[in-house]
Structure formats: C-alpha cells, structure tokens
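Scroll down for the structure; my scribbles are underneath it.
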Amino acid sequence: MKKIMVTMSAMAIFVMSSTAVANGTQWELTLGVGHSTADTQLSITPSGEQLHIVSLDDSGISINTNIAYLFDKHWYVSAGYLDLGNASVTLTADTLQAGTLKQELTNIGPVLGNGFTLSAGHKFWVSENIALDLQLGLFNWKAELTSTFDNNTIATDDTGTDLFLSVGARYQVSERWAISTNWQRFQLSDTDVDNINIALSYAF
C-alpha cells in the first residue's frame, strides 16, 4: 500500500511538473509590422477600354497581432488580426461611355484588406535557436475599394474569406522571446497580395 502511494505521489509530482512546464510556454503573443503589395492589373477594363494611370498606390504598411496555442515545440494554432494597409488608384480613359466605365472602375482598384486570421503552423528547427516556420490559414477580410475617375471618387466595400500561405524564419532569442520574418501570400478578390513582415513574439 505504501509503495502504491509513493508511486502515485511520484506520478502526481511528474504530472504537475509537466503541466507547469507546458503552462509556462503554452501560449505565444506576436506583434508584427510589414509591407504589403497588391499585384494590380489595370491596363484594360472588361469592356476593352484603354485606361491611363494617373496615380497608383498599391502598397501599404501592414500591422498584425496574433495569439498562438503551442501543442509542443513544433505544432501550433494561431488566431489574430491583420491590417494590410490602404491602396488607391486614379485613372482616365479614352471613352464616350463614362457612366459605364465608372461602374467597371468600381471593382478594379487595388485590394488591401483587414480582418481576422486563423491558421495552423509547424516549426522546422534547424538548430537550437533557428527554425523555419510554415503556416496555412484562412483570412476573413473586408476592404474598401476606392477608384477616382475624372475627379469623381467611387468607393465600395468588398469582403471574403480566403486561404493564405506564410513562410518564415524564426530566431529564438531566449526561452520566452523570439524574432521572426515572414512572407505571406493572399488572394483577395482575384488580386494576389504579398506581405513581408518582421515580428516579435513572447511565450507565456
């Protein structure tokens, strides 16, 4: 009986110790900033009208924050908020059908959205402190499309939920702190958007 009690006590201590270690690094908070660019195609409208680009701003400053649950040193799930910044375009066109062209311009402006992300990731450790990081997830986004034609501004909202891919490298500064850089690819309303960021993470 005493032997069983000692064994059970040892097991309880082991479980409590394991839980304490897991709880110590079970969650991770990440803050990041980066640069996003939309692959905008603006040469010809669906009606075939030739467009002239007066000004184009299809890039922005991105900001993200994430909270991740760490299953172990390799696997994790993450949820967060991402703002890819703002983009706009000003155009003129050689056309007599200005009303028709304005309607078409509504949906061809650059798309940089903001919204919530949910992903699963895996860290491939290449050394004690360096890891490659791969993520696949969903981006539930909303964007305001702003196009300007002949001094008239047309603004509409666009929304969607799309897959995204993230590939990065991570350096573990200490047991709790890490820095990383990531390349992310999104497709928002048939517009490819690339985002490159740097981030600081804290495990707790």
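Just so it is clear, none of the values below were taken in a lab; they were calculated from the coordinates. Computed from a predicted structure; not experimentally measured. Glycine also receives a Cβ, built like all others from the backbone with ideal geometry; neighbour counts cover every protein chain displayed.
Data table
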item	result
Protection proxy ranking of 165-171, 137-143 - average other beta-carbon atoms within 10 Å, highest first	137-143, 165-171
Cβ-derived FRET efficiency at R0 25 Å, Gln26 paired with Val173, nearest 0.05	0.85
Computed FRET value (nearest 0.05) for Ala155 with Ile67, which takes r as the C-beta separation and R₀ as 35 Å	0.60
The range 109-204 shape via C-alpha gyration tensor axes, a/c threshold 1.5	prolate
Ranked list, fewest to most other Cβ atoms within 10 Å of each Cβ, for Phe164, Phe71	Phe71, Phe164
Virtual spin-label span in nm between Ser127 and Thr181, 7 Å along Cα→Cβ	1.6 nm
Cβ-based exposure ranking for Val89, Val173, in which fewest neighbours within 10 Å come first	Val173, Val89
